[in-house]
């Protein structure tokens, strides 16, 4: 199963000529021309407390609470391309994922603005600037960063993977750990995907760029809203949706069981109507490994391939690119902010061009 | 005491010629030329849990937790002015304060970028995108928005003040309420002001723009860091710092007692070294009022005047502008996002020009 996918990856990579790569790098010195920029809340719900508001005592009676919205910051460059990019962070992260990289270089926000795309950075409901949650939340400062260092495949703490595309100075790690921010209350898939679907209703047709946890939410949102014209997904972690009756068995790994989910076939078929590309980075073991930090990704990559095969069997257009198989080494769980992120962005640009989405 | 201050306000307003106002409005159609933009965490601390990290069991032993930093998004326009503006939200708010207004117009972020200022939007530690708190936090979704409607002087719920500079449509109120976001854990003045002081160490000399709760934090930060060259403060709410021995009595109001704080005189004197301007909006009663939503502001305005007199008596340069006294009516607690925010921005521009800070 792997070989044809790897070959396709090589074809994709070869679409990026070397001088194009050079141009993308040197254009960093040009100013970014912003036609307009701004922010708004989208989606969410309102708690309406019964009773009458007392302006003197100011008890909760008769008061409201607006929460569970997403928060979006957008920038529209001059002479923008047809479809905007909506960038959606993963678990425990926020829009910072796409902003300045931990080592201080430009992230996807700036890279794709410079390439003429409108960029919408989102914080999903109950995260970061969208922190007003309708659910009671208890947030405990539990030390967990070495766990994430391993899960995000920077290395095996305290060692960095040889050749990892991540700067090994202290301040980079400081910035990287400070990208983590808690969920305020529980995850509610409907609340989250409804908000993102409403975002596409507001801005019109566009391309969704997901990472990790938002990968699965992205498939669910694309089923809800046909204005999502394509998905670029970096290291989707869970929530792969199969037709009921075709759901594969869970994939055991040393981090637990990776489950697939079933949806009615008519919903699943909506995922066959749009082009989708999925990227995974390096240091994912080929065989079961006792280190759960990396072994979970073996299962997820395997699941992504099962899913890709299933969508494509039903007429879809999913490509899974395992970056080392096309000769791109050392990428972590965050390829878009890794040291070679311009190269990674070039792959995405080429794919959008190939699919006539630019 | 009021008269000379009001007259000074009139002089300031007259410095903004009408065609300047027109120019500022029409330039909204031009693109914003961004030399560079990005984001980073600044300040904060690290919890280091004793023990050795176990990559298999992944318990908290031997793990770290980076928290209590501020989060900053900055934009540097082409041909930027000498001093950047650091914009700091108030209580229960985040950087949205300065972004798109609730009714969808440009806020201070865009207005001052267009006027050539570098703009740094900050989320203080434990707020919004800086939500990683080293303190345990329990966050309850208590309906409270009618309380804030009154405190923020939009009106007396459910009525808007006649002539209020706030759009009365439903979506504006929806966006406005969704600007509220919780604090993750308690307020820690040292944690907060240390982070902002470190921000000025990083970016160099600049101008601090505060709102409401950050007003008091702003005075405390300016004592810590002489790189703060001026402060523009909108409706500072508390934390007025007087020399020990000169602290005025608390000012009673129907929302409680407004206390002044004492600091050693040598610290206080640092506040006499920089120009400071303070603005308050409309619908602040002149005499005690049973409505605590507005009466608290009577006390705060009175305290601001006592403070201004004290700083100036010691050789400082503080101006208090009560907007209705210079003929600008209807402003809420958020003058910088009110319907007349270009006019409000023009006052600030003129003051910066007058103080040779632009």
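Every number here is computed from the coordinates shown, using simple stated rules; none is lab data. This structure is a prediction, so every number in the text was calculated from the model and none was measured. Methodologically, a virtual Cβ is constructed for each residue, glycine included, from the backbone with ideal geometry; neighbour enumeration extends over all protein chains shown.
Of note:
- Cα gyration tensor shape of region B:155-311, rounded if a/c is under 1.5, else prolate or oblate by comparing a/b with b/c: oblate
- Residues A:263, A:196, B:232 in ascending order of nearby Cβ atoms (within 10 Å, fewest first): A:263, B:232, A:196.
- Of the beta bridges in region B:51-139, as assigned by DSSP with both residues counted there, near 60 percent are antiparallel.
- Cα-based shape type of chain B, given that a ≥ b ≥ c are square roots of the gyration tensor eigenvalues and the cut on a/c is 1.5: rounded
- Secondary structure note: in the protein assembly as shown, about 50% of the DSSP beta bridges are antiparallel.
- Number of partner chain Cβ atoms within 10 Å, mean per residue of B:92-102: 3
- Spacing of the modelled spin labels on residue B:91 and residue B:353, each 7 Å from Cα toward Cβ, amounts to 3.6 nm.
- Least to most buried among B:310, A:134 (fewest other Cβ within 10 Å first): A:134, B:310
- With a 10 Å cut-off around each Cβ of A:164-177, the average count of Cβ atoms from other chains is 2.
- The distance from the alpha carbon centre of region B:204-257 to that of region A:36-94 is 30 Å, rounded to a whole number.
- Nearest-ten-degree value, helix A:189-203 long axis tilted from longest Cα axis of chain A: 80
- Burial ranking of peptide ranges B:217-223, B:56-62 (average Cβ count within 10 Å, highest at the top): B:217-223, B:56-62
- Separation of the residue A:59 and residue B:340 label points, Cα + 7 Å toward Cβ, nm: 3.9
- Cα gyration tensor shape of region A:176-258, rounded if a/c is under 1.5, else prolate or oblate by comparing a/b with b/c: oblate
- Estimated from helices alone, the mean residue ellipticity of chain A at 222 nm is -9500 deg cm²/dmol (sum of -39500 (n - 2.57) over DSSP H runs with n ≥ 4, per residue).
- Under the simplified labelling scheme, the residue B:171-residue A:309 pair shows an inter-label distance of 4.8 nm, with each label point 7 Å from Cα along Cα→Cβ.
- Of interest is the spacing of the C-alpha centroids, which for region B:145-196 and region A:297-358 amounts to 43 Å.
- Among A:258, A:121, A:323, sorting on how many other beta-carbon atoms sit within 10 Å of each Cβ, with the fewest leading, yields A:258, A:323, A:121.
- When residue B:140 is represented by a point 7 angstrom out along its Cα-to-C-beta vector, the spacings to that point in the other copies are 2.1 nm, nearest first.
- Degrees separating the helix A:292-313 axis from the principal Cα axis of chain A, which is the longest one: 80
- A label point on residue B:273, set 7 Å along the Cα-to-Cβ line, lies at 6.6 nm from each of its counterparts in the other copies, closest listed first.
- Comment: the Cα-to-Cβ extended label point of residue A:156, at 7 Å, lies 7.0 nm from its counterparts in the other copies, nearest first.
- Nearest-ten-degree value, helix A:341-354 long axis tilted from longest Cα axis of chain A: 90
- Taking every DSSP bridge with both residues inside region A:2-354, close to 45 percent are antiparallel.
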